[in-house]
């Protein structure tokens, strides 16, 4: 597998998942589709990210066990591509498939967002 097709998982232990999702949204760009442009707005807070995400989960839905009970994130949030999701492995939290976020936003974008949250 070439480096271009390599999946990227980033340790995000200790970062609030909703703050991370909001930061990924705020660091993303609006997808060029008409539907996404219609949904797009400005920057969002962790609470807005959580509210929007949870409002789209069907009643009775349980987070998949293979994600370790991590919050299920949308592929798109307010018209912006996220694509990555959380996975827990014991006490460690991982941003899984950060390469998909980077594909849409730019190489290293997910890592920069995480570094910004860590200060």
Which of the residues that make up segment 18-29 are in a loop (DSSP other than H, G, I, E, B) and either touching a helix residue (DSSP H, G or I) at 6+ places or on another chain (Cβ under 6 Å) or free of Cβ contacts under 8 Å to residues at least 40 places away in the same chain (or both)?
27, 28
Filter result for residue 66 (assigned to a helix (DSSP H, G or I), exposed (fewer than 13 other Cβ atoms within 10 Å of the Cβ) and at pLDDT below 85)
yes
Does residue 56 qualify as being at pLDDT 85 or above, exposed (fewer than 13 other Cβ atoms within 10 Å of the Cβ) and over 18 Å from residue 116 (Cα atoms)?
no
Screening 38, 49 for residues that are touching a strand residue (DSSP E or B) at 6+ places or on another chain (Cβ under 7 Å), at pLDDT below 90 and either within 26 Å of residue 89 (Cβ to Cβ) or surrounded by fewer than 13 Cβ atoms within 10 Å (Cβ to Cβ) (or both) leaves only 49
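The values are calculated or read from the model by the stated rules, or taken from the named source; none is laboratory data. Source: prediction; values computed, not measured. All Cβ positions, glycine included, derive from the backbone under ideal geometry; neighbour counts span all protein chains shown.
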